[in-house]
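Heads up: the structure comes next, in structure tokens.
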Amino acid sequence: LDFPLGLGTLLLILFAVGCWNGSRAVLIVFWCILFLLALPSIGELKMRVPWYVLWGIPFFVLSIWSSFTPTTFYDALAYNLGLPYQYLAYELILTFPTSSTSFFPPFDQITKFLFISLTPQNGIKLFSFVLYVHCLRMVVHVKPEDINPRFIVIPLLILPVPWILLHIVNPDLMNSFFFAAGICALLKLRSVRNTILASALLAFVAWTKY
């Protein structure tokens, strides 16, 4: 649960800082901080992965390829990327009278603002794939022991992933990510501390899209 909690906290900080200064220099600093925070997780690359997980390799390759192709879907350009590009142009997270969501920008828009500061612009697709895989990991973590994890991972990996990659970034995916993390915190780690943690993660669900 460190990943979803850390992601939500980072987006909160980016929102606060971006309202004051959203220049590329500030965003580069955020990327450097992310890199440093990710270093302790390198050890997880040594974990043994079941063979059935190899089903995900084609989709991982597809997500890398799609990250280097331009976005042409109208809804992605007008709705998903409109506000982030305006934030980047003004170097500030602003309120725009023509957009109701800009009054309290959701995590979805703040995440894209962070990603489009780099090239290629569609790197967010690769991040979406990572979010989806982590959702699968959390579901497998709370499943009943008598259910084989391959019967969860393979169908859920095959069916929605192409749609995620084609639609650039869907706020519903990040909603599901934080929601799954909150429910896992309640199911697996029943304590006052984790009730507070679950409440924070479910609050991130509300801020992701609305």
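The values are calculated or read from the model by the stated rules, or taken from the named source; none is laboratory data. Because the structure is a prediction, the values reported are computed rather than measured. In this analysis, Cβ positions are derived from the backbone assuming ideal geometry, glycine residues included, and neighbour counts consider all displayed protein chains. Each accessible area value is taken on the protein alone, full model and side chains, heavy atoms only, with ligands, DNA and RNA left out. Shrake-Rupley method; radii C 1.70, N 1.55, O 1.52, S 1.80 Å.
At a glance:
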| quantity | calculated |
| --- | --- |
| Filter pass, ALA203 being within 13 Å of PHE107 (Cβ to Cβ) and part of a helix (DSSP H, G or I) | yes |
| Selected residue [in contact (Cβ under 8 Å) with a residue 60 or more places away in the chain, surrounded by 13 or more Cβ atoms within 10 Å (Cβ to Cβ) and under 19 Å from the mean Cα position of the chain (by Cα)] from LEU62, LEU34 | LEU62 |
| Single residue of segment 37-53 satisfying the filter (open to solvent by less than 90 Å² (accessible area, probe 1.4 Å) and at pLDDT 75 or above) that is nearest to LEU10 (Cα to Cα) | ALA38 |
| Filter pass, LEU126 being in a helix (DSSP H, G or I) and at pLDDT 75 or above | yes |
